[in-house]
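Undergrad: Quick one: the structure is below, questions incoming.
The values are calculated or read from the model by the stated rules, or taken from the named source; none is laboratory data. Bear in mind that the values here come from a model prediction, so they are computed numbers and not experimental data. Ideal geometry is used to build each Cβ from the backbone, glycine not excepted, and the neighbour counts take in all protein chains shown. SASA here: full protein model, heavy atoms, side chains in, ligands and nucleic acids out. Shrake-Rupley method; radii C 1.70, N 1.55, O 1.52, S 1.80 Å.
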Amino acid sequence: MRKQIPLLLTFLAGTIPIFAFFVPERHVGLVSTGLDSWLIIVYGFALLLGVVNVVQMNTNKIKRRASGWPYSIVLLAGLVIMGSFGLLGSFDVFGGIATRPDGSSTPFNWLYTNAFLPLQGTMFALLAFFMASASYRAFRARNVEATILLIAALIVMFGRIPFGEMVSKWFPIVTEWIMGKPNMAAQRGIMIGAALGAASMALRVILGIERSYLGIGKGE
Amino acid sequence: MNLDRLMQIDRRIIYLFVAAGTILPIIFLLGLPVSTTPPVRMAFERIENQLEKGDVVLVSFDYGPSSAPENDPMADAILRHCFAKGIKVVVIALYPLGGLSEAIEELNKVAAEFPELEYGVDYVNLGYKDGAQAAMRKMNESFKEVFPLDVNGTPFDEIPMMRDIENYGDVKLVATLATGIIGEWWANLVNAQFGLPVIVGPTAVSAPKYYAYLEARQMVGLLGGLKGASEYERLVMDKYPRLAELYATPGLYTATKGMDVQSIVHLIMIAFILFGNLVYFTQKRKPRAAK
Amino acid sequence: MPDFARQAKLLLLFSRGLLRRWGIRSIPPETFTTTLLIGSVVTLTLLWPSGPASCQSPPADISEQPSLHETTGEKSEEGDAPPLAEEITLLSAQEVIARDAPSDEGGAIVVTWIEPEGAEELGARGLKYEVLRSESPEGEFEVVGELEAGQNEFLDMGLVDGQAYFYRIRSVLGSHRAESAQTEAAFSQGNWFRRYRLNTLVLVIVFSSLVLYYIARARRAKRVYIRKIAGLNAVDEAVGRATEMGKKILYIPGIMSMDEMQTIASLAILGHVARLSATYNADLEVPNKDPLTFAAARETVKEAYLEAGRPDLYREEIVNYVTYDQFAYTASVTGKMVRERPATNFLIGSFYAESLLLAETGQTCGAIQISGTAEVHQLPFFVVACDYTLIGEELYAASAYLSREPVLLGSIKGQDITKFLLIIALCLGVVFESLGLGFIKTAFRMQ
Amino acid sequence: MPGLGTWLAAFFTLCMLSFLYKDNPFFRVAESFFAGLSLGYYIGIVANQTLKPNLVLPLIQDFSANWNLVFAGGLGLMLYFRYIKKVAWVSRWALAVYVGYYVGVNMMQKLHGEVIPQVGDTMLSLSYSGIDTLWNVVMVAGVLSVLVYFYFSAEHKGAVGGISRLGIWFLMVSFGAAFGYTVMGRISLLIGRMVFLVNEWARPLIEAVI
């Protein structure tokens, strides 16, 4: 019974949106959108699950003096500072979490602007470097496939900068063509295939055939 | 042997090149040649030839910090162009994630370059309004209802230049610097329904879809990404010596510099790829020759 | 009443039979009833009139109509229609019919009519139609819509289901007016099928039946052939390598939640990897960005260790949570890669910009990397930086491929046959389109 | 002199960039702080933008109209039953409903929103005059060959093998091109960070020092 109720719940919950997709009748739509708004709340609850785990792991690390434990203190400090500004903000302490009416920052917003955004932006910007090293290593004409990959990448990279246009006016034109025709065709092929794969997966989940995500083995 | 080592080049050497290729052009102006394209010239000529001193242009900040490197220079170039020509500017922000901070920052920066202009008379910042599409519709009836106060909290009626501006009818043009869907709304909603001419400055990624609007004449100009912005800079520099001087200021980030970075880093990457293949083939041929 | 009871019992038996077919062997009746009860309670609460989703407010719809009327009305006053000739015979619209709007949730009536003779010519001079509505045949008619000449259909929305409505069409040209006959009473109602989604319904039925058929066939021990997928053949070897080297296996299930099919596919593969790790006593770690995926991954790994007969090796730290931000998560995981130098990285699931950051760092750390995603925009980066990449559909086929379970393999076969039919349809569509016959393409139009 | 906020931002930017050289304590501090900070940030966001407006406020303001949200809250709480040994198995219920619902949504979305329109859009006419026909042939051939590549239950030999090979080539063109096309956007991001470091932090700092 412990294993079957979840499978039945999955089945019931899974048929609702499928039914609602074809049936315009108002009440059917209400069930579907209602369940949707419930699940947004459920998802909100889930975050705390992660927070609990992070706090547990890091306090353990500090207690055990595991290697790198001082960094756990840094992590928990970040969590406590930002988290408490955020929670207090929801009771309108410090003027909420956005900017105040006079344009000045709340503490939450100040940390967001001066710590969160630069950290996030820099991590994202590292990609420029990684693209350079990855392309140097991978774009080698080892075989037919790798050569095609290499040539397509080189043409498009040339076609995107003014220098390429100066060398030949064909670079931007060929670039647009590659992006619009063969690239588009391949992406469509991938999308159609993947969509069928996902739909088949969905069907297996609804029918309870695929259930490893619930931690329910095949034995039952 | 040596070639082997070249193949396994330390990635940090590549990183060093990329970093240098990014920082140096930001500090020193290289000024690689820029050729202009019709969509950008259309935008420039619209402001240059069809507007007169005293006309009003609406500039909408519809982007945030995430796309600032691309959109900032466009906003600056258009603001500078308007100010240099004596066109009055109404600035608004409709993008929720940081549109207002961009609007304040860029307008303050450019306005400081034109000390002869006066806030409230020659330019104004009406601030941010949420619900972009609704605000855009409502502005057709009344700017005042959408923006009762400016960004400093001054009531609409106490701003001298706003006395003559009631709705879109009193504005000659709107320029939107956009990262998301808001730019499209200016074209397919405001232009289509209210007939206000629109110039859009989108990011490079979203530029292709705007060509359709340009062809359908729902827009009067397009500045696609950094490239478009650098072309606009070239056009205003050629026309206004004062701006050319300004754009040569060392500490100023411009699209021309950004585009220099793009060209150089792209070329660095291409060079490394070609070099890698060169070494690969020389090495591959060697054993054969030995046989 | 006994009839009802018998039907209910039959339904129960039928559902249990179905479930048995799907491999759920025994369901105690009380479980089934409990679930049905829970289901009906949920349904009832959601159906409660003042539910959270009952935000459709008909008055809002109605209030929009007068404004529409207003603006168009203004235009017609300053309109640029040429002055009217004195002699003009304005005819009324013919055959005005009002009926429930099809394929909707109710509250709408569609009114159609045939334009009067000469409408085309008069249209150029500003002929308009006003749609008049009343709730009783003798009652007052009010204007609910205004249309230009050339149109002959009006959708009246925001109505009350079950209330009778009567319509007339008034032709208006300058000061001339001509009213049509009144329609019979029309009622709006909710419908039970969206007819314009018929093509999807057909696809769903064909697809599901094929999948179910081949599952049933595979159960009857018909072998299913699956082509080689290099990335999946490498899984066992990759886990073995980590065991030999005494180093970690890092499994990253993407950054999306359990509402994403790729995540579910990834967890199926994680189940396999975890079983292998348990068997070989390899060191597995699964860092998570999404909290629900984290919860599910825990269940998956725990069960896998149990199945492998090594519940003693399972530790809560195997599956851990990092943070909810995409890039903070990436920073943590790349840091972990550099410090702990895992022998094997699995990057399987839904990835965005972090794909290359993770894959490139893993590559420089010398790990064997097996990646898989259906995100078209991230595939290039995985292909470039990983040893093996599961592309799109290969990701979804993985659980069947790895487990070799007939039921799962059967579903792949069913999916392939659907693909075959689509290829045929595509070829036919191209041929007919080239011949100027667009009916196949029309059948694939999405609405 | 740059302000406190600018100093903080510059510090973290440099810490993150130092990872390019190698792992080091500065990066580790930034990385750990970032993990904690971002989690705290989302606690704030979830509390203020999901739980407060969707659950707490509706229940407080008008309980009689929104009482069914109690069930949503209950479902959410079920996730935590895993910490109570006796009822731990109930924690799967919430997950089951969540997965079930979105799996149903996904199935329709994929078949209706992806398969049907993408197949339909590929039904291109091959009877135009001139180059357009050739391009349409490329398009149709690309989609078909990639689909054949994804055909699992046939051996990729002979004709099927040949077509699927063509499919791989199309995939390679696409991957190479998409890679090259993305470079520009990534460099823009890097420019953003570098302009911040150079113009907003380093330059005022140097000017202040000199």
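Undergrad: Considering only DSSP beta bridges whose two residues both sit in the protein assembly as shown, what percent are antiparallel, to the nearest 5?
TA: Within the protein assembly as shown, antiparallel bridges account for around 40 percent of the total.
Undergrad: What is the mean number of Cβ atoms from other protein chains located within 10 Å of the Cβ atom of each residue in peptide C:282-291, rounded to a whole number?
TA: Values: counts 0, 0, 0, 0, 0, 0, 2, 1, 4, 14.
Across the residues of C:282-291, the mean count of other-chain Cβ atoms within 10 Å is 2.
Undergrad: Given a 1.4 Å probe, how much area per residue of segment D:1-67 is accessible, in Å²? Present the calculation step by step, with values, prior to reporting the outcome.
TA: Details: 2950 Å² over 67 residues.
About 44 Å² of surface per residue is accessible.
Undergrad: Still on this structure, I have one more. Shielding by partners for D:15-22, please: the mean number of other protein chain Cβ atoms within 10 Å of each residue's Cβ.
TA: Partner Cβ neighbours, averaged per residue: 6.
Undergrad: Averaged over peptide A:173-184, how many Cβ atoms belonging to another chain are found within 10 Å of each residue's Cβ? Provide the component values of the computation, followed by the final result.
TA: Working: counts 0, 0, 3, 1, 3, 7, 6, 3, 9, 12, 11, 8.
The mean count of partner-chain Cβ atoms within 10 Å per residue comes to 5.
Undergrad: If you take the accessible area of A alone, add that of C alone, and subtract the area of the pair, what total do you get in Å², probe 1.4 Å, to the nearest 100?
TA: Its buried surface, counting both partners, is about 7200 Å².
Undergrad: So, one more: Note down the accessible area of B:I181, probe 1.4 Å, to the nearest 10 Å².
TA: 90
Undergrad: Let me ask something additional. Not counting ligands, DNA or RNA, and with a 1.4 Å probe, what is B:D130's accessible surface area in Å² rounded to the nearest 10?
TA: 100
Undergrad: Let me ask something else. Given chain B, what percent of its DSSP beta bridges are antiparallel, to the nearest 5?
TA: Given both bridge residues lie in chain B, the antiparallel proportion sits at roughly 5 percent.
Undergrad: Counting only helical runs of four or more DSSP H residues, what would the 222 nm mean residue ellipticity of chain B come to if each run contributes -39,500 (n - 2.57) and the total is spread over all its residues? Can you show the working numbers first?
TA: Numbers: 12 runs with 150 residues, N = 291.
-16000 deg cm²/dmol, from helical runs alone.
Undergrad: Starting with the highest mean, order B:7-15, D:108-116 by the number of other Cβ atoms within 10 Å, averaged over the residues of each peptide. Before the final figure, lay out each step's value.
TA: Numbers: B:7-15: 14.8, D:108-116: 21.0.
Result, highest mean Cβ count within 10 Å first: D:108-116, B:7-15.
Undergrad: So, one more: Quick check: from the Cα gyration tensor, does the protein assembly as shown come out rounded (a/c under 1.5), prolate or oblate?
TA: On the way: a/c = 1.42, a/b = 1.06, b/c = 1.34.
It comes out rounded by the Cα gyration axes.
Undergrad: Next question, about the same structure. Does chain D come out rounded, prolate or oblate, given a ≥ b ≥ c as the square roots of the eigenvalues of its C-alpha gyration tensor, rounded meaning a/c under 1.5 and, failing that, prolate meaning a/b above b/c? Could you put the intermediate results ahead of the total?
TA: Values: a/c = 2.28, a/b = 1.18, b/c = 1.93.
The shape class here is oblate.
Undergrad: Can I ask one more? State whether chain A is rounded, prolate or oblate according to the following rule on the C-alpha gyration tensor (a ≥ b ≥ c being the square roots of its eigenvalues): a/c under 1.5 gives rounded; otherwise a/b larger than b/c gives prolate, and the remaining case gives oblate. If you can, show how the numbers build up before the last one.
TA: Working: a/c = 1.73, a/b = 1.17, b/c = 1.48.
The shape class here is oblate.
Undergrad: If you find the alpha carbon centre of segment B:217-288 and of segment C:125-175, how far apart are they in angstrom?
TA: Value for the Cα centre distance between the two parts: 60 Å.
Undergrad: Right, another one. Arrange the residues C:I205, C:I424, D:I187 by how much accessible surface each exposes, largest first, with a 1.4 angstrom probe. Write down the numbers at each step before the final one.
TA: Working: C:I205 95, C:I424 75, D:I187 5 Å².
Output order, biggest surface exposure first: C:I205, C:I424, D:I187.
Undergrad: Right, here's the next one. Solvent-accessible area of B:Y240, probe 1.4 Å, all protein chains present, reported in Å² to the nearest ten, please.
TA: My reading of the accessible area for B:Y240 is about 40 Å².
Undergrad: Separate question: Using protein heavy atoms only (no ligands, DNA or RNA), what is the total accessible area buried between B and D, 1.4 Å probe, nearest 100 Å²? Before the final figure, lay out the partial values.
TA: On the way: alone 14370 and 16860 Å², together 29420 Å².
By this definition, chains B and D bury close to 1800 Å².
Undergrad: Right, another one. What trypsin sites (Lys or Arg not before Pro) does segment A:1-80 have in DSSP loop regions with at most 14 other beta carbons within 10 Å? Numbers along the way, then the final one.
TA: On the way: sites: A:R2, A:K3, A:R26, A:K61, A:K63, A:R64, A:R65; in loops: A:R2, A:K3, A:R65.
Filter output for segment A:1-80: A:R2, A:R65.
Undergrad: Can you compute the charge dipole magnitude of the protein assembly as shown about its Cα centre, using +1 on each Lys and Arg Cβ and -1 on each Asp and Glu Cβ, nothing else charged? Give it in debye, rounded to the nearest 20. Please list the in-between numbers first.
TA: Numbers: 100 positive and 107 negative charges, 1616 e Å.
Result for the protein assembly as shown is approximately 7760 debye, rounded to the nearest 20.
Undergrad: Return the loop-located chymotrypsin sites (Phe, Trp or Tyr not before Pro) in segment C:224-281 (DSSP other than H, G, I, E, B) with at most 16 other Cβ atoms within 10 Å of their own Cβ; answer none if there are none.
TA: Of the chymotrypsin sites (Phe, Trp or Tyr not before Pro), the ones in loops of segment C:224-281 whose Cβ has at most 16 other Cβ atoms within 10 Å are C:Y225.
Undergrad: How do C:H272, A:H27 stack up against each other in accessible area, from largest to smallest, with a 1.4 angstrom probe?
TA: On the way: C:H272 30, A:H27 95 Å².
Order by accessible area, largest first: A:H27, C:H272.
Undergrad: Note the buried accessible area between D and A here, summed over both chains, with a 1.4 Å probe, in Å² to the nearest 100.
TA: Details: alone 16860 and 17480 Å², together 24170 Å².
Summing both sides, the interface buries roughly 10200 Å².
Undergrad: A further question on this structure: Give me Rg/Rg_expected for segment B:36-249, where Rg uses Cα atoms only and Rg_expected = 2.2 N^0.38 Å with N residues. Walk me through the intermediate numbers first.
TA: Values: Rg = 15.5 Å, N = 214, 2.2 N^0.38 = 16.9 Å.
Against the empirical 2.2 N^0.38 Å value, I get 0.91 for segment B:36-249.
Undergrad: Here's something else I'd like to know. Out of the GluC sites (Glu not before Pro) in segment B:1-92, which ones are loop residues according to DSSP with at most 14 other C-beta atoms within 10 Å?
TA: Numbers: sites: B:E45, B:E48, B:E52, B:E70; in loops: B:E52.
Here the GluC sites (Glu not before Pro) that fit, given the DSSP loop and packing criteria, are B:E52.
Undergrad: Helix-only estimate, please: 222 nm mean residue ellipticity of chain D, summing -39500 (n - 2.57) across DSSP H runs of length 4 or more and dividing by its residues, to the nearest 500. If you can, show how the numbers build up before the last one.
TA: On the way: 10 runs with 144 residues, N = 210.
Mean residue ellipticity at 222 nm (helix-derived): -22500 deg cm²/dmol.
Undergrad: Related question: So, with a 1.4 angstrom probe, what is the percent of accessible area on segment A:1-66 that is carbon and sulfur? If you can, show how the numbers build up before the last one.
TA: Working: 1690 of 2570 Å².
Percent of accessible area from carbon and sulfur atoms in segment A:1-66: 66.
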